[in-house]
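Asker: The structure follows.
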Amino acid sequence: MTYSQEVYRILQAGDTLTITFHTSKEEWKITADFREDERWDYVFEVSGQEPTPDMFPLIEKIYQNALQKLQVGDMWTIAFHIQRL
């Protein structure tokens, strides 16, 4: 919800979005460049992935993977960082 309601709506072409999933034991990061595109209005470019107009499926995949590894007492944080040049 935070991604779609707060983060996605403020992105501008040229921004770099980094999403960090952190548990007590592991950390996963996704870094994507947000740019204008002819086929879609905007796309995310993630290293090793095809450009996509929607980051949510990748976010959901990592979220579900991390969620399965959580144990009682683990800390869990998700941070969104936007770098604007």
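What follows draws every value from the coordinates through simple rules; no lab data is involved. The structure presented is a predicted model; accordingly, all values stated were derived computationally and were not measured. Positions of Cβ are backbone-derived with ideal geometry, glycine not excepted, and every protein chain shown enters the neighbour counts.
Asker: Relative to the longest principal Cα axis of the chain, at what angle does helix 56-69 sit, 0 to 90 degrees, rounded to 10?
Answerer: For helix 56-69, the angle is close to 10 degrees.
Asker: Return the whole-Å distance between the Cα centroid of the stretch 42-85 and the Cα centroid of the stretch 1-24.
Answerer: With the stretch 42-85 and the stretch 1-24 each reduced to a Cα centre, they are spaced 9 Å.
Asker: Still on this model: Counting other Cβ atoms within 10 Å, which trypsin sites (Lys or Arg not before Pro) in the chain have at most 15 and lie in a DSSP loop?
Answerer: Working: sites: R9, K25, K29, R35, R39, K61, K69, R84; in loops: K25, R39, R84.
Filter output for the chain: K25, R39, R84.
Asker: Moving on. Enumerate by residue number the GluC sites (Glu not before Pro) in the stretch 26-85 meeting two conditions: DSSP loop (anything except H, G, I, E, B), and at most 16 other Cβ atoms within 10 Å of the site's Cβ. Working shown, then result.
Answerer: Numbers: sites: E26, E27, E36, E38, E45, E60; in loops: E26, E38.
Listed in order of number, the matching sites are E26, E38.
Asker: DSSP loop (so not H, G, I, E, B), at most 16 other Cβ within 10 Å: list which chymotrypsin sites (Phe, Trp or Tyr not before Pro) in the chain pass both filters.
Answerer: Details: sites: Y3, Y8, F21, W28, F34, W40, Y42, F44, Y63, W76, F80; in loops: W40.
Within the chain, the qualifying chymotrypsin sites (Phe, Trp or Tyr not before Pro) (loop, at most 16 other Cβ atoms within 10 Å) are W40.
Asker: Please compute the net charge surrounding D15, taking Lys and Arg as +1 and Asp and Glu as -1 over other residues with Cβ under 15 Å from its Cβ. Can you show the working numbers first?
Answerer: Details: positive: R9, R35, R84; negative: E6, D33, E36, D37, D41, E45.
Around D15, the charge tally is -3.
Asker: Which value, to two decimals, describes the C-alpha radius of gyration of the stretch 2-83 once divided by 2.2 N^0.38 Å? Let's see the in-between values first.
Answerer: Values: Rg = 13.6 Å, N = 82, 2.2 N^0.38 = 11.7 Å.
Normalised by 2.2 N^0.38 Å, the Cα Rg of the stretch 2-83 equals 1.16.
Asker: Would you kindly state how much longer the chain becomes between S47 and E26 on full extension, computed as 0.36 nm times their sequence separation minus their alpha carbon distance, in nm to one decimal? Please list the in-between numbers first.
Answerer: Working: separation 21, 0.36 × 21 = 7.56 nm, distance 2.04 nm.
Contour length minus Cα-Cα distance gives 5.5 nm.
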